[in-house]
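Trainee: Before I ask anything, let me first share the structure, which is written out below as structure tokens.
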Amino acid sequence: MIRTYLFFILICCLLIGCDEKRPEGDMLPQSAETGAVNDHKNVIVVLIDSMTEAVINDGLDRSSLPAISYLIKNGFVHHDLVAPFPSMSVAIESTLMTGSSPQKHQVPGLVWYDPNDDVIMDYGSTLSKYWKLGVNDTLVNTLVHLNTNHLSPNVETIYEALHQKGYSTGAINFLVYRGHQTHDISVPNYVKVLFHLPEKLKTKGPDLLAFGQAIQPKVVQNQKVDDALYQRFGLNDSYSAEVTAKLIKENQQPDFTMIFFPNYDKDAHKHGPVSPEHFTRADGYLQEILNAYDSWDNALEENVFIIMGDHGQDQLKEKKEEVAIELEPLLDPYTVAPLLDEPSSGDVVISNNHRMAYLYPTSSDISYFDLASKLQQDYRIDHLAWLEEEELVIYQSGNDGVLHIKEGGDWQDQYGQTWTIEGNEPIVDIDLNQSEMKLAYGDYPDVFHQLYGALRSHSETMIVTAKPGYTLKSEGAPVHYKGGEHGGLHKNDTLTSIIITGTEKELDNHNRRMESLKDYFLSLFDK
Ligand SMILES: [Zn+2]
């Protein structure tokens, strides 16, 4: 997901200067001052984009991860944390912050289509798409609408929940950060005129909000900062670590802080999911945070540390012509509008989330089954899924038959969800234990909940995914051949790791899904 940040902040750097509304010199509210009982440890969550079991274990074998090794040795680690679907950072962050699936938080992915306004919402998947879709729209979508309008007001974020309990909160370099505190985003006048931006842009975040060079907390304002920290305009691991270390050293650390390390995702896209020499750098920035305390042991006495990934990365095939599944030729004779045209001027709208895409027929004459029949001809396509009223219909390329799923029923999965299952079960690689009526997932963890969540996250749509090794191609979508990619439903995309240190509170296997973590984080503040 680095591309989102990279290109978004490129625009930000060119266009925006932001200032926080908090008056100069005002200090963060500490929990003791706000009435909360100050007998808890602070909580620090570091999210390392694309961190997985394979790259952690490779680094541990090489003894190249001192911080991660120390945290695992003093805590516990799980490698079966399931991301929501689509496994793209914007949707995942929304789930992490709200403890809900895309059905409830209503951020459907990096890219989605709004038929009411006939626009493709894109939080910035590639530079070329930025320009084609319009800098103005993308900028405002990402900076303002994502947190203010797109993220459902009916779900509460972790920052809002902790503020209610009297705890202070902070977010460093996250895209999704809605909180109680209003922050003004000031845009230079010439930019407002050029891009017809509103006079005032506002966003709501936690007490402490850092977003690259665009929104700087007081600890780094007016300070001489090494220029290297502003590579990618501050949306990088070193800046995230620097801001965090300054907060700690200046006793400005909030009770609960979430810190995003975006760099490894870029490395994994380029060099492949297991790129230990690059992952080592993320460990170095973790060391910088631990080193801000008197000792690493002291860091654990004062804090609960949670180091987690957001999704996996699937290793793509080497041949460029094989790896990219061109969707438009497969859909022929149905047409897809060029990005510059109104999306509804084609027969089908594609919202490409790399290893998954949403498809929207623009005419009732075109059925999901029609589209699925065409796409299913390609051996690299994996699943095709849509809703028929409340029933989930799933096809798979290379597998005969169909699977019909309903919510509720006799089959129970590890998360306590129950399902009615009819049809060809191997389509989703599940194991059914007849004597106990238990359902065990194989290659597609939590597949039914994930598909329901995505299909109910916005307007009517169908889903197509790519088999491992491949990615979906449409206008403007990147192809990381030989490298890594994600977005899909497969465990290569959706499984990630979590390391928890400084608390005895376990995260049991019924709760090892991203949407359970908000409650888990809140439980760390229970008296
Ligand atoms: Zn990515």
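Trainee: Where in region 111-190 are the helices (runs of 4 or more DSSP H), entirely inside, with at least 1 residues that are touching a Leu at 6+ places or on another chain (Cβ under 9 Å) and modelled with pLDDT of 95 or more?
Mentor: The qualifying helices (runs of 4 or more DSSP H) are 158-164.
Trainee: Any chance region 360-378 includes a residue that's within 28 Å of the chain's Cα centre (by Cα), aromatic (F, W, Y) and part of a loop (DSSP other than H, G, I, E, B)?
Mentor: No; the residues of region 360-378 include none that is within 28 Å of the chain's Cα centre (by Cα), aromatic (F, W, Y) and part of a loop (DSSP other than H, G, I, E, B).
Trainee: Test each condition in (1) closer than 30 Å to F256 by Cα; (2) part of a helix (DSSP H, G or I) for D508 and report the one that comes out false.
Mentor: Exception for D508: condition (2).
Trainee: In region 373-399, what count of residues is obtained for those that are without any contact (Cβ under 8 Å) to a residue 60 or more places away in the chain and surrounded by 15 or more Cβ atoms within 10 Å (Cβ to Cβ)?
Mentor: 8
Trainee: In this structure, is H269 surrounded by fewer than 20 Cβ atoms within 10 Å (Cβ to Cβ), assigned to a helix (DSSP H, G or I) and within 14 Å of the ligand (Cβ to nearest atom)?
Mentor: Details: surrounded by fewer than 20 Cβ atoms within 10 Å (Cβ to Cβ): no; assigned to a helix (DSSP H, G or I): yes; within 14 Å of the ligand (Cβ to nearest atom): yes.
Answer is no for this residue.
Trainee: Could you check region 382-412 and list, in sequence order, the residues that are acidic (D, E) and in a strand (DSSP E or B)? I'd like the intermediate steps shown before the answer.
Mentor: Here is the first cut: in region 382-412, the residues acidic (D, E) are 382, 388-391, 400, 407, 410.
Scanning region 382-412 gives D382, E388, E391, D400, E407, D410.
Trainee: For residues that are within 15 Å of the ligand (Cβ to nearest atom) and outside any loop (DSSP other than H, G, I, E, B), tally how many sit in region 69-91.
Mentor: Summing the residues that are within 15 Å of the ligand (Cβ to nearest atom) and outside any loop (DSSP other than H, G, I, E, B) in region 69-91 gives 3.
Trainee: Something else now. Kindly list the number of the only condition in (1) within 18 Å of G309 (Cα to Cα); (2) more than 16 Å from the ligand (Cβ to nearest atom); (3) within 18 Å of the chain's Cα centre (by Cα) that fails for L507.
Mentor: The one condition L507 does not meet is (3).
Trainee: Out of all the residues in region 421-439, which are within 31 Å of the chain's Cα centre (by Cα) and exposed (fewer than 12 other Cβ atoms within 10 Å of the Cβ)?
Mentor: Correct list: D431 only.
Trainee: Do the conditions hold for D314, that is, is it modelled with pLDDT of 95 or more, closer than 22 Å to A385 by Cα, of a type in the set (D, E) and over 27 Å from the mean Cα position of the chain (by Cα)?
Mentor: For D314, the condition - modelled with pLDDT of 95 or more, closer than 22 Å to A385 by Cα, of a type in the set (D, E) and over 27 Å from the mean Cα position of the chain (by Cα) - is not met.
Trainee: So which of L290, L330 ends up being part of a helix (DSSP H, G or I), at negative phi and in contact with a Lys or Arg (Cβ under 8 Å, 6 or more places away or on another chain)?
Mentor: L330
Trainee: Which of (1) in contact with an Asp or Glu (Cβ under 8 Å, 6 or more places away or on another chain); (2) acidic (D, E); (3) closer than 25 Å to P86 by Cα does E318 not meet, given it meets every other one?
Mentor: In the conditions (1) in contact with an Asp or Glu (Cβ under 8 Å, 6 or more places away or on another chain); (2) acidic (D, E); (3) closer than 25 Å to P86 by Cα, E318 misses (1) alone.
Trainee: Mind listing whichever residues of region 473-496 are among the small types (G, A, S) and within 16 Å of the ligand (Cβ to nearest atom)?
Mentor: Residues satisfying the conditions are G476, A477, G483, G484, G487, G488.
Trainee: What number goes with the only condition from (1) closer than 17 Å to V45 by Cα; (2) among the hydrophobic types (A, V, I, L, M, F, W, C); (3) more than 16 Å from the ligand (Cβ to nearest atom) that L455 does not pass?
Mentor: Against the list (1) closer than 17 Å to V45 by Cα; (2) among the hydrophobic types (A, V, I, L, M, F, W, C); (3) more than 16 Å from the ligand (Cβ to nearest atom), L455 comes up short only on (1).
Trainee: If I ask for residues that are hydrophobic (A, V, I, L, M, F, W, C), within 20 Å of H383 (Cα to Cα) and either more than 18 Å from the chain's Cα centre (by Cα) or buried (at least 24 other Cβ atoms within 10 Å of the Cβ) (or both), which ones from region 480-504 would you list?
Mentor: L489
Trainee: Determine whether region 459-472 contains at least one residue that is surrounded by fewer than 24 Cβ atoms within 10 Å (Cβ to Cβ), within 15 Å of the ligand (Cβ to nearest atom), touching a residue at least 40 places away in the same chain (Cβ under 8 Å) and outside any loop (DSSP other than H, G, I, E, B).
Mentor: No; the residues of region 459-472 include none that is surrounded by fewer than 24 Cβ atoms within 10 Å (Cβ to Cβ), within 15 Å of the ligand (Cβ to nearest atom), touching a residue at least 40 places away in the same chain (Cβ under 8 Å) and outside any loop (DSSP other than H, G, I, E, B).
Trainee: Next up: Consider V402 against the criteria (1) in contact with a His (Cβ under 8 Å, 6 or more places away or on another chain); (2) of a type in the set (V, I, T); (3) surrounded by fewer than 19 Cβ atoms within 10 Å (Cβ to Cβ): it satisfies all of them except one. Which criterion is unmet?
Mentor: Condition (1) is where V402 drops out.
Trainee: Kindly indicate which of Q412, Q417 is over 29 Å from L375 (Cβ atoms) and surrounded by fewer than 17 Cβ atoms within 10 Å (Cβ to Cβ).
Mentor: Residue meeting the stated conditions: Q412.
Trainee: Counting just the residues of region 369-419 that are of a type in the set (V, I, T) and in contact with a Leu (Cβ under 6 Å, 6 or more places away or on another chain), which one comes out nearest to I463 (Cα to Cα)?
Mentor: Only one residue fits best here, namely I394.
Trainee: Return the total of residues in region 333-356 being of a type outside the set (V, I, T), more than 24 Å from G484 (Cα to Cα) and assigned to a loop (DSSP other than H, G, I, E, B).
Mentor: Count: 10.
The values are calculated or read from the model by the stated rules, or taken from the named source; none is laboratory data. Please read these numbers as outputs of a predicted model, since none were measured by experiment. Using ideal geometry, Cβ is built from the backbone for each residue, glycine included, and neighbour counts are taken over all protein chains shown.
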